[in-house]
Each structure stands twice: as structure tokens, then as C-alpha cells.
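**Student:** Have a look at this one before I ask anything.
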Amino acid sequence: MAAGVNRKISAASARAHTRRAKQNASFKLPSGICTKILLVLFAGILAWAYQAIQPPIPKTCGSPDGPPVTASRIKLKDGRYLAYKEHGVPRDAAKYKIVYVHGFDSCRHDAVVANTLSPEIVEALGVYIVSFDRPGYGESDPNPKRTVQSLPLDIEELADQLGLGSKFYVIGFSMGGQVIWSCLKYIPHRLAGAALLAPVVNYWWPGFPTNLVTEAYQQQLPQDQWAVRVSHYAPWLTHWWNTQKWFPSSSVVAHSTDILNSEDKKLLPEIVSTRNYTAVVRQQGEYESLHRDMMIGFGTWEFSPMDLDNPFPNNEGSVHMWHGDEDKIVPVILQRYIAQQLPWIHYHELPGAGHMFPHAPGMSDNIVKVLVGE
């Protein structure tokens, strides 16, 4: 009878065997599942990002879920409504008829020239002023198709429907001042004169020396540099950038006093005390008002103001630009350069003044008297 075989198993071999058994028994993911999970996560992130950058639908005045209509309005050729407000002497009795263009984050009630013009000047000169809500502001319908050219055409149509005559004056403040360049380009034949008050500058207008633009651009607060950069290079991100909470957005949108000089701050209490309609400005939403302003104002333009011809070669009218030399919102060095390139511009630089100088006592009287040649 054969003898039995004794096998001795070492402790190391036993441990190795145990490890192999556990590994064989462990859970294994199906082939390619990790790739699928990553793709799903990526798609989810893309969907979230897409939703985040989509602006809300504006609440148009007069619509079922929109604010009520309280202003006088005209209906434009494309079906949009434009709200307006009249100031001064009756339209039919006026000697001088002026269309006022309000600035950023403002509305028809912010017609500083009309609101601060002295009654004596109004009566003596026979001044009529009409201010209006630019598209998306106040009670004017948004214009998703808005371009640099469209607003001057709106102004022309407003003047025609109100019967202002073949020629009228235009005054614009800040972002509204920038619009006046478009009026000089697209409707010069309708203008009797124009005044640009602290007009916003587009840093990407062709014709500016690079070193000058760089110097002016860097005078802005860092968050404002980013705000205009996003508006120019990635306009589709403008809404997200100005509503996100991760990084500081535009100080202008936030109404920061850091962008005001000492003279501006002195004027601020009076400005705030009379502005009891703030909610009306953005009531249709910020995208078609503030953000659309930024995308158009700092976007790519079809022309440069420095290439404009004199609209009054026979001195039948005049163009005036007013600017404070301590403006912390729009750098004065770029306005000086524009004035040098356009010798037909009457440039008025105000020592010590900031961006809000039109609100200073007596300023509107001077602006209007100079504009109409009185």
C-alpha cells in the first residue's frame, strides 16, 4: 500500500492565494463605463452652463405679465413702442426743438438738461425738449435686433411722428452721448445741432493710438476692465458676467461711488433725492436694457467717430462735446484725441469736473445757449 504524500504550504503562499481569491471575487466595472460616466457629467456641465448664460425673457410693458403702460408712446414702423416725455414750451410754439438721449441705467425721466434748465431760459429762447426711453428701458419695447444704426432711426421716426420739423437738435449724456455719434453718421441731414455730454468711448474704435487706449483702459477699475472686455469679445456672456456672484462685475451697474470724483459726490445727494422712479428703469429686465447697452456700446462698430465728416460745412449748425477733466468713468485723454482729429468739433473741457457735471447748477443753461447759438 502506497504511502500518503504530505504537502507543506508556506504562510506566504497561503496569503498570496487568499489575495488572488479576493481579487477574483472583487467587483469589476463593465468595459467603457468610465468613459460613459465622464461623457454624462460633461453633458450635464454643458447643459448647466448653457442655462446659466441664457438671459431671461423680458417683461414687456403692456404684456400679461409685464408692467403697465403709463407713458405717452408712439408705434414705430417695426411694431415696437417708444415711450417719451415732453418738457419746456408747447411743441407748436417752440423755436428750438431738442431730442434728449438718456444715459446708461436711466430712462426718459433722467433728462438732466430738461430737468435743470432754468424756466427763464426755457421761456426766453422758446425751448422744447422731448426725452424718450431707449429700447428696453422704462416703457419702450426691447429691440433684440438693435444695432449702432437702429437708434438714430428710432430718433428720426420719433421726431417725424411728433412733427418736430425737417431739422432738430440732439443732446446725449454718457451712453446717450455715444448715441449722438451714430446720429451724426446716419441722420446728419436731420440735425440742426448736436451736443455730446461726457460721451462713453468704445476702446475698440479704429483710429486710437494703441498706447493711448492702453493708458485709458487701465485707468478703469479692474472689474470694469473685465466688464467691457467681456461685452466686446464674448457678448453672449454679458448677462452671466453681470449677474454672477463669483467675481466683481461692473461698478457702474452696481452704482459704486468709487467711480465718482469729489465734484460728482457733491452732486450725488441732489441727484438721488429727485430720482424716485429707479424701479421703472429696469422693470422690463436688465438684459435688453443694461446688457444690450454694453454689447452695442463696446461691440464692433460699422464706423469710427474719428472718420466722420463735418455735418455742417456751411456753419448752419454746430457740434459740441463737453467733458470733465476728472471724469473717472470715461477717460478724458480719449476725448481730447477725438477732438484733435475732428477740428469741426467745439470741445469744452471742464477743469475739476467729473462725469456728472450736467447736474451742476447753471450747466444746462450754458449747454443749451451754446448749442442753439444764443
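The values are calculated or read from the model by the stated rules, or taken from the named source; none is laboratory data. As the structure is a computational prediction, the values presented were derived from the model and not from experiment. Cβ coordinates were reconstructed from backbone atoms using ideal geometry, including for glycine residues, and neighbour counts include every protein chain displayed. For accessibility, only protein heavy atoms count, side chains too; no ligands or nucleic acids. Shrake-Rupley method; radii C 1.70, N 1.55, O 1.52, S 1.80 Å.
**Student:** Looking at the stretch 277-297 only, could you name the residues that are assigned to a loop (DSSP other than H, G, I, E, B) and either open to solvent by 20 Å² or more (accessible area, probe 1.4 Å) or aliphatic (A, V, I, L, M) (or both)?
**Tutor:** Scanning the stretch 277-297 gives TYR277, ARG282, GLN283, GLY285, GLU286.
**Student:** Taking the stretch 87-114, which residues are under 20 Å from LEU196 (Cα atoms) and among the acidic types (Asp, Glu)?
**Tutor:** If the condition is that a residue be under 20 Å from LEU196 (Cα atoms) and among the acidic types (Asp, Glu), then ASP105, ASP110 are the ones that fit.
**Student:** When you go through (1) at pLDDT 95 or above; (2) more than 28 Å from HIS348 (Cβ to Cβ); (3) hydroxyl-bearing (Ser, Thr, Tyr); (4) open to solvent by less than 50 Å² (accessible area, probe 1.4 Å) one by one for TYR233, which number turns out not to apply?
**Tutor:** The failed condition is (4).
**Student:** Kindly evaluate GLY136 against the criterion of being touching a residue at least 60 places away in the same chain (Cβ under 8 Å) and at positive phi.
**Tutor:** yes
**Student:** Let me ask you something else. Kindly establish whether TYR337 is over 26 Å from TYR84 (Cα atoms), in contact with a strand residue (DSSP E or B) (Cβ under 9 Å, 6 or more places away or on another chain) and of a type in the set (Ser, Thr, Tyr).
**Tutor:** So TYR337 fails the test.
**Student:** Could you tell me which numbered condition SER63 fails, if it satisfies all but one of (1) more than 19 Å from ILE367 (Cα to Cα); (2) in contact (Cβ under 8 Å) with a residue 40 or more places away in the chain?
**Tutor:** Every listed condition holds for SER63 apart from (2).
**Student:** Taking LEU196 and the conditions (1) touching an Asp or Glu at 6+ places or on another chain (Cβ under 8 Å); (2) crowded, with 17+ Cβ neighbours inside 10 Å, which numbered condition does it fall short on, given that it satisfies the others?
**Tutor:** Status for LEU196: all satisfied but (1).
**Student:** Which condition breaks for TYR128 when tested against (1) closer than 22 Å to VAL330 by Cβ; (2) in contact (Cβ under 8 Å) with a residue 12 or more places away in the chain?
**Tutor:** Here TYR128 meets the rest and fails (1).
**Student:** May I pose another question? Suppose we filter VAL332, VAL272, VAL319 for residues that are touching a residue at least 12 places away in the same chain (Cβ under 8 Å) and within 21 Å of the chain's Cα centre (by Cα); which single one remains?
**Tutor:** VAL332
**Student:** May I ask you to say which residue of VAL228, VAL253 is open to solvent by less than 50 Å² (accessible area, probe 1.4 Å), at pLDDT 95 or above and more than 20 Å from SER131 (Cα to Cα)?
**Tutor:** That would be VAL228, the only listed residue that is open to solvent by less than 50 Å² (accessible area, probe 1.4 Å), at pLDDT 95 or above and more than 20 Å from SER131 (Cα to Cα).
**Student:** Looking at this structure, is SER131 of a type in the set (S, T, N, Q), at pLDDT 95 or above and assigned to a loop (DSSP other than H, G, I, E, B)?
**Tutor:** no
**Student:** Let me ask something else. Just need a number here: residues in the stretch 135-178 that are assigned to a helix (DSSP H, G or I) and modelled with pLDDT under 95.
**Tutor:** Counting residues in the stretch 135-178 that are assigned to a helix (DSSP H, G or I) and modelled with pLDDT under 95 gives 0.
**Student:** Has the stretch 313-328 got any residue that is open to solvent by 20 Å² or more (accessible area, probe 1.4 Å), assigned to a helix (DSSP H, G or I) and not aromatic (Phe, Trp, Tyr)?
**Tutor:** no
**Student:** Another question, then. Which ones in the stretch 66-106 are of a type in the set (A, V, I, L, M), open to solvent by 30 Å² or more (accessible area, probe 1.4 Å) and either free of Cβ contacts under 8 Å to residues at least 12 places away in the same chain or farther than 27 Å from LYS369 by Cα (or both)?
**Tutor:** Hit for the stretch 66-106 is VAL69, nothing else.
Residues checked against (1) over 20 Å from HIS323 (Cα atoms); (2) basic (Lys, Arg); (3) modelled with pLDDT of 95 or more; (4) under 13 Å from the mean Cα position of the chain (by Cα):
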| residue | (1), (2), (3), (4) |
| --- | --- |
| LEU191 | yes, no, yes, no |
| THR210 | yes, no, yes, no |
| ALA216 | no, no, yes, no |
| GLN244 | yes, no, no, no |
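**Student:** Check the stretch 145-155 and report whether any residue there is in contact (Cβ under 8 Å) with a residue 12 or more places away in the chain and over 16 Å from ILE296 (Cα atoms).
**Tutor:** Yes, the conditions are met somewhere in the stretch 145-155.
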